[in-house]
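K.L.:
Shown below is the structure under consideration.
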Amino acid sequence: MFPLFSIINTMPPWAWAAFFLFITAMLALDLGVFQRDSHVVSMKEALGWCVVWGALALGFGGLLWWWRGPEPAQQFIAGYLIELCLSVDNVFVFILVFAHFKVKPRYQHRVLFWGIIGAVFMRAVFIVVGVSVIARFHWILYLFGAFLVYTGIKMALPSSSEAEVDPEHNAAVRLFRRFFAIAPHNEHGHFFTHHEGRRMATPMFIVLIVIETTDLVFALDSLPAVLAITKDSFVALTSNIFAILGLRSLYFALSGIMQLFRYLKIGLAVILVFIGVKMLVEHWVEITTTTSLCVIGTVLATSVLMSVLIASEKPK
């Protein structure tokens, strides 16, 4: 039996309850007040929410520092930065998915909101189970490390199919279509509607399925990455959730300027390889959280600066 409950009980129940109550309140405020009416999210609004979620994450890191000391706080910040970087790939896929299904900009926020609710649940299950598995089978870390090194190298290599995404080949979508009828049109951004006397799912719900399954795939990278930084389930989960909650704002802020950060993916590849190597050698070489945080911050800053300073080659 995996020590699941002992992993959760490393923190007092009130800490878990307070965190999830805070997250629930923020999500309710976001959807119920600020996003009550469907509208196109402007760059200014998106950047504002990016600042809000970033400030909340930094504030939570400061609270951890005051409450539990510098090590958990640094682990939180490192995990948050890694997950935020991995989210950039999500943004790229979201752009392609919305374009494929011709989702109007005013309805994109609704899809991302419910997609992120599902992502929070999946990450919670993945991280808690992952920590409990590592607690019993420590050798799993070496598999995670090798997987991250492989993923980082693969990410750094050019891919001719990188810009091609066909949601119609999604296995979950095909399975859903076998058992449920799909209406031919979206109905004011709703996920279900009545059409020809029947209750049907709209294409918007298919988009939601694609978003959820896409996040499930990205979680396979994020789980070993954050567990390379910390084995504390509370720190791992909270850092992941804060990054995920900022993903919607990140999407609207970056969707129009993704091409300006063309070297960010190379930086992320370097970070994944570094974290993978850290997992593989941690039995013999100790790489502190402070060192990891410095490496992550330096690589990110360098990749962003290179993207800004080095002009892209214009097609002849």
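K.L.:
Do the conditions hold for residue 80, that is, is it under 14 Å from residue 240 (Cα atoms) and either outside any helix (DSSP H, G or I) or in contact with a Ser or Thr (Cβ under 9 Å, 6 or more places away or on another chain) (or both)?
P.N.:
Spelling it out, residue 80 is indeed under 14 Å from residue 240 (Cα atoms) and either outside any helix (DSSP H, G or I) or in contact with a Ser or Thr (Cβ under 9 Å, 6 or more places away or on another chain) (or both).
K.L.:
Something else about it: Looking at (1) charged (D, E, K, R); (2) under 26 Å from residue 123 (Cα atoms); (3) modelled with pLDDT of 70 or more, which one does residue 178 not meet, given that it meets all the others?
P.N.:
Status for residue 178: all satisfied but (2).
K.L.:
Which pairs turn up if I take residues in region 276-296 that are over 14 Å from residue 138 (Cα atoms) and look for partners that are of a type in the set (Phe, Trp, Tyr) and surrounded by 13 or more Cβ atoms within 10 Å (Cβ to Cβ) with beta carbon separation below 7 Å, at least 6 apart in sequence or on another chain?
P.N.:
295/274
K.L.:
Does region 65-121 hold any residues that are aromatic (Phe, Trp, Tyr) and farther than 21 Å from residue 204 by Cβ, and which are they?
P.N.:
Correct list: 65, 66, 67, 76, 80.
K.L.:
Going through region 139-159 one residue at a time, which ones are at pLDDT below 80 and of a type in the set (S, T, N, Q)?
P.N.:
The one that is at pLDDT below 80 and of a type in the set (S, T, N, Q): 159.
K.L.:
Right, something else. Looking at region 17-46, which of its residues are among the aromatic types (Phe, Trp, Tyr) and modelled with pLDDT of 85 or more? Before the answer, list the steps.
P.N.:
Keep residues of region 17-46 that are among the aromatic types (Phe, Trp, Tyr), which gives 19-20, 22, 34.
Residues satisfying the conditions are 19, 20, 22.
K.L.:
Going through 168, 162 one at a time, which residue ends up being within 20 Å of the chain's Cα centre (by Cα), among the acidic types (Asp, Glu) and either at pLDDT below 80 or not in a helix (DSSP H, G or I) (or both)?
P.N.:
162 is the lone residue from the list that is within 20 Å of the chain's Cα centre (by Cα), among the acidic types (Asp, Glu) and either at pLDDT below 80 or not in a helix (DSSP H, G or I) (or both).
A quick yes/no check of all residues on (1) surrounded by 19 or more Cβ atoms within 10 Å (Cβ to Cβ); (2) farther than 22 Å from residue 15 by Cβ; (3) among the small types (Gly, Ala, Ser); (4) in contact with a Gly (Cβ under 7 Å, 6 or more places away or on another chain):
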residue: 80; (1), (2), (3), (4): yes, no, no, no
residue: 87; (1), (2), (3), (4): yes, yes, yes, no
residue: 101; (1), (2), (3), (4): no, yes, no, no
residue: 114; (1), (2), (3), (4): no, yes, no, no
residue: 125; (1), (2), (3), (4): no, no, no, no
residue: 142; (1), (2), (3), (4): no, yes, no, no
residue: 152; (1), (2), (3), (4): yes, yes, yes, yes
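K.L.:
Could you say which residue among 81, 58, 112, 63 is over 21 Å from the mean Cα position of the chain (by Cα) and at pLDDT 80 or above? I'd like the intermediate steps shown before the answer.
P.N.:
Values: 81 fails: over 21 Å from the mean Cα position of the chain (by Cα); 58 fails: over 21 Å from the mean Cα position of the chain (by Cα); 112 fails: over 21 Å from the mean Cα position of the chain (by Cα).
Step by step, each of 81, 58, 112, 63 is checked, and only 63 is over 21 Å from the mean Cα position of the chain (by Cα) and at pLDDT 80 or above.
K.L.:
Does region 215-234 include one or more residues that are within 11 Å of the chain's Cα centre (by Cα), more than 30 Å from residue 286 (Cα to Cα), buried (at least 16 other Cβ atoms within 10 Å of the Cβ) and in contact (Cβ under 8 Å) with a residue 24 or more places away in the chain?
P.N.:
yes
K.L.:
Just one of (1) closer than 23 Å to residue 131 by Cα; (2) at pLDDT below 70; (3) surrounded by 13 or more Cβ atoms within 10 Å (Cβ to Cβ) trips up residue 11, so point out which.
P.N.:
Just one mismatch for residue 11, condition (2).
K.L.:
Determine the pairs where a residue that is within 13 Å of residue 304 (Cα to Cα), located within region 242-265, has a partner that is modelled with pLDDT under 80 and of a type in the set (Ser, Thr, Tyr) with Cβ atoms under 8 Å apart, the partner being 6 or more residues away or on another chain.
P.N.:
259/312; 260/307; 261/307; 262/307; 262/312; 263/307; 264/307
K.L.:
Cβ contacts < 7 Å: first residue farther than 13 Å from residue 242 by Cβ, restricted to region 47-69; second residue part of a helix (DSSP H, G or I) and of a type outside the set (Gly, Ala, Ser), any location; separation 6+ or different chain. Result?
P.N.:
none
The values are calculated or read from the model by the stated rules, or taken from the named source; none is laboratory data. These numbers come from a predicted model, not from an experiment. Reconstructed Cβ throughout: ideal geometry from the backbone, glycine too, with neighbour counts over all protein chains shown.
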